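The values are calculated or read from the model by the stated rules, or taken from the named source; none is laboratory data. No experiment lies behind these values; they were computed from the predicted model shown. Ideal geometry is used to build each Cβ from the backbone, glycine not excepted, and the neighbour counts take in all protein chains shown.
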Amino acid sequence: MRSLLLPIIILISVDMSKADHQSRTLFLNALLGDYDSTVTPTFDMSLPTLVNVSLQINALNSVNEQTMDFSINVLVTQSWYDFRLQFYELINADHLELDSKLIAKFWVPDLYFVNEKSSEFHDITVPNRLLHLYRDGRVVYKMRISLTATCLMQLHRFPMDQQTCSLLMKSFGFTNQSLQFRWSLDSPLTCLKQLEMSQFILARMDYKECQRMSDINDTFSCLQMDLKLHRRVGFYMIQLYIPSALVVVLSWVSFYLDVGSVPGRVSLGILTVLTITNMKTMAVSSLPKVSYIKAIDVWMVTCLSFAFASLLEFAVVNSFARRVSSLDNTWSVIMESEPLQAYRDTFTNTKNARSSNYAAPPARRPDPRSINLAKLIDKISMVVFPISFMAFIFVYITVYAYA
């Protein structure tokens, strides 16, 4: 008995599905019989169509300082009332879920992103768009978009900066009198909890409604989303700030070397200057060539100045250390006098001369007072340089990090 009922149930199910499909097709044909998708739903009423918009941020992929833009993946939801699509008596259903291929048969808002550079719809595994119709004429239209938008950045405090990247949306062809966008009252702007970026922290999301004027003085309704981004400083702290500070400290080792260690002190000074110069070049290589001074420029130039000042300090110390005593200077004047020089020339040409009554000049001796002054300069530098650098770090953090 059960074996006979199973084929009958299958046939009934197939017939019901065919009937349901036919009724659905007939319903759509009846609903769209005299429907005009080229005009707004309130065109005959001489009123603007109100469209509620909400955004869900799925991913914030990158923020690029070089090109001044950011990439984002969003789910855009638009809802409005189209009273031409009411179906209280046509079908026994609360709402209708339509295939994306049917969207072209309905009027949808001509929303576009003002500051967009490039964008694309997603179609894996199917086009990521949907349209739902409700009995009272409410229409819900969703689409998933990935886009790259302009973000004008101010890099005065880089890399301790905060940036605000905005996304502007407005109608492309309908003025404020025909179409008005507004943020949805229920969750207008949301994002996924696992949203993470390598260089930035999403601190806050803001939204507002705005008006924009066209070239022909027409007013268009627009929406603006603002993303407040705080840059993560950890990468720059490890790769830039700490290494450059250590190189500056390394340049102070020169103060502890003997004043006569010329090769060692010169090599150390030149090495630190070249190292900081190379680090500065690498630090700004990924940034746009802006004309104003950035925080990273202040840091690197100051570090370079400290390293260069250490090298100049050795030049001063070495000049004092090479000074000779006044007695040596007097002997040099005597030895270079004209009568003595003539005698030396005669004495050199005399082959049988075996000895001379003149004593050899004494060895040149450094001036003890100059040596002591050079050592004193080194001792003062041991204190002044670290204190000055610590004071600079304090002022730098106060101005750029906590301002």
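The one condition from (1) farther than 19 Å from Thr25 by Cβ; (2) touching a strand residue (DSSP E or B) at 6+ places or on another chain (Cβ under 6 Å); (3) crowded, with 17+ Cβ neighbours inside 10 Å that Glu120 does not meet is (3).
Using the structure shown, decide if Thr148 is surrounded by fewer than 16 Cβ atoms within 10 Å (Cβ to Cβ), touching a residue at least 24 places away in the same chain (Cβ under 8 Å) and among the hydroxyl-bearing types (Ser, Thr, Tyr).
Considered against the rule, which asks whether it is surrounded by fewer than 16 Cβ atoms within 10 Å (Cβ to Cβ), touching a residue at least 24 places away in the same chain (Cβ under 8 Å) and among the hydroxyl-bearing types (Ser, Thr, Tyr), Thr148 comes out as no.
When region 162-184 is limited to residues that are assigned to a loop (DSSP other than H, G, I, E, B) and touching a residue at least 60 places away in the same chain (Cβ under 8 Å), the one that is surrounded by the most Cβ atoms within 10 Å (Cβ to Cβ) turns out to be Phe174.
Each row is one residue, and each column tells you yes or no for (1) part of a helix (DSSP H, G or I); (2) surrounded by fewer than 17 Cβ atoms within 10 Å (Cβ to Cβ).
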{"site": "Ser254", "(1), (2)": "yes, no"}
{"site": "Gly260", "(1), (2)": "no, yes"}
{"site": "Ile270", "(1), (2)": "yes, yes"}
{"site": "Val273", "(1), (2)": "yes, no"}
{"site": "Lys280", "(1), (2)": "yes, no"}
{"site": "Val290", "(1), (2)": "no, yes"}
{"site": "Ile296", "(1), (2)": "yes, no"}
{"site": "Cys303", "(1), (2)": "yes, no"}
{"site": "Ala307", "(1), (2)": "yes, no"}
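Among the residues of region 219-240, write down those that are among the aromatic types (Phe, Trp, Tyr) and surrounded by fewer than 20 Cβ atoms within 10 Å (Cβ to Cβ). Phe235, Tyr236 - these are the residues of region 219-240 that are among the aromatic types (Phe, Trp, Tyr) and surrounded by fewer than 20 Cβ atoms within 10 Å (Cβ to Cβ).
Please enumerate the residues belonging to region 46-79 that are surrounded by fewer than 19 Cβ atoms within 10 Å (Cβ to Cβ) and under 13 Å from the mean Cα position of the chain (by Cα). Asn61, Ser62, Asn64, Gln66, Thr67, Met68, Ser71 - these are the residues of region 46-79 that are surrounded by fewer than 19 Cβ atoms within 10 Å (Cβ to Cβ) and under 13 Å from the mean Cα position of the chain (by Cα). Residues that are basic (Lys, Arg) and either closer than 15 Å to Leu55 by Cβ or part of a strand (DSSP E or B) (or both) within region 193-220 comprise Arg204, Lys208, Arg212, listed in sequence order.
Among the residues of region 221-248, the ones that are assigned to a strand (DSSP E or B) and either closer than 30 Å to Ser178 by Cβ or touching a Cys at 6+ places or on another chain (Cβ under 6 Å) (or both) come to 7 in all.
Could you please let me know if Met225 is under 30 Å from Ile293 (Cα atoms) and either touching a strand residue (DSSP E or B) at 6+ places or on another chain (Cβ under 9 Å) or among the aliphatic types (A, V, I, L, M) (or both)? Show your work before the answer.
Numbers: under 30 Å from Ile293 (Cα atoms): yes; either touching a strand residue (DSSP E or B) at 6+ places or on another chain (Cβ under 9 Å) or among the aliphatic types (A, V, I, L, M) (or both): yes.
Answer is yes for this residue.
Exactly one residue out of Tyr112, Tyr134 is under 22 Å from Arg182 (Cα atoms), hydroxyl-bearing (Ser, Thr, Tyr), at pLDDT 90 or above and surrounded by fewer than 17 Cβ atoms within 10 Å (Cβ to Cβ): that is Tyr112.
Identify, please: which residue in region 202-218 is of a type in the set (A, V, I, L, M, F, W, C) and loosely packed, with under 13 Cβ neighbours inside 10 Å and is, among those, modelled with the lowest pLDDT? The qualifying residue modelled with the lowest pLDDT is Ile216. Of all residue pairs spaced 6 or more apart or on separate chains, those with beta-carbon atoms under 8 Å, a first member in region 30-51 that is under 13 Å from Leu85 (Cβ atoms) and a second member that is of a type outside the set (A, V, I, L, M, F, W, C) and surrounded by fewer than 15 Cβ atoms within 10 Å (Cβ to Cβ) are Leu32/Lys105; Tyr35/Lys105; Ser37/Lys105.
One residue stands out in region 141-161 among those that are assigned to a strand (DSSP E or B) and among the aliphatic types (A, V, I, L, M): the one that is nearest to Val51 (Cα to Cα), namely Met143. Among the residues of region 129-147, those that are out of contact with any Ser or Thr (no Cβ under 8 Å at 6 or more places or on another chain) and either under 19 Å from Gln56 (Cα atoms) or of a type in the set (D, E, K, R) (or both) comprise His132, Arg135, Asp136, Met143, Arg144. The residue pairs whose first member lies in region 245-264 and is closer than 19 Å to Asn372 by Cβ, whose second member is aliphatic (A, V, I, L, M) and surrounded by 15 or more Cβ atoms within 10 Å (Cβ to Cβ), and whose beta carbons are closer than 8 Å, counting only pairs six or more residues apart or on different chains, are Ser254/Leu268; Ser254/Leu311; Leu257/Leu268; Val259/Val317; Val259/Ala321; Val259/Ile371; Val259/Ala374; Gly260/Ala321.
On inspection, Ser54 qualifies as under 30 Å from Ile201 (Cβ atoms), modelled with pLDDT of 95 or more and of a type outside the set (Lys, Arg). The one condition from (1) surrounded by fewer than 17 Cβ atoms within 10 Å (Cβ to Cβ); (2) in contact (Cβ under 8 Å) with a residue 40 or more places away in the chain; (3) of a type in the set (Asp, Glu) that Asp82 does not meet is (1).
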